[in-house]
1. Skipping prolines and chain starts, which residues have an amide H placed within reach, meaning under 5 Å, of the one on Lys42, given they are 5 or more residues away or on another chain?
2. For a quick check of understanding: with a 1.4 angstrom probe and all protein chains in place, what accessible area in square angstrom does Arg53 have, to the nearest ten?
3. Place +1 on the Cβ of every Lys and Arg and -1 on the Cβ of every Asp and Glu in the range 29-113, take the dipole about the Cα centre, and give the residue among Gly96, Phe44, Tyr70 whose Cα lies farthest towards its positive end.
4. At a 1.4 Å probe, what is the % contribution of carbon and sulfur to the accessible area of the range 21-107?
5. I'd like the distance separating the alpha-carbon centroids of the range 17-31 and the range 43-113, in whole Å.
6. Keeping all protein chains in position, work out how much accessible area Leu24 exposes to a 1.4 Å probe, and write it in Å² to the nearest 10.
Amino acid sequence: MKLRFLYLVLIIISCTKDKKEVLLADREAPLGWIYLKMYDDKSFEFISQGMMRDKDIYKGSYELSNDTLYFKYKGSIPKAGSKALIENGFVNYADGDYSESIQIKLNELKINK
């Protein structure tokens, strides 16, 4: 019985794949922070958190075309929008309720120009 359980655990561990971060960007916001984490499996997290409010996490998948990112959210969409340009070391959102710009700290995306 213990051997079967151990075998099952080993199978589960071998099937899980760690996601690799391919782009990290952030900025300090009034009383909080904005983070963008993008992974090699085409998933992402847009995180807005503050000292006086809860953390809002928006997840989904992304597509990269040239220097433009298209975000497909699961559920609600943050006010920053769903389209952004990568330029001069920043991710600049282009279609939101307000202009959002977050500084890139790590970029391993392959951008075709």
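The values are calculated or read from the model by the stated rules, or taken from the named source; none is laboratory data. Model, not experiment: these values are computed from the prediction. In this analysis, Cβ positions are derived from the backbone assuming ideal geometry, glycine residues included, and neighbour counts consider all displayed protein chains. Note: areas computed on protein heavy atoms with side chains; ligands, DNA, RNA excluded. Shrake-Rupley method; radii C 1.70, N 1.55, O 1.52, S 1.80 Å.
1. none
2. Answer for Arg53: close to 110 Å² accessible.
3. Result: Phe44, furthest along the dipole toward the positive end.
4. Within the range 21-107, the accessible surface is 46 percent carbon and sulfur.
5. That distance is 10 Å.
6. Around 40 Å² of this residue is reachable by solvent.
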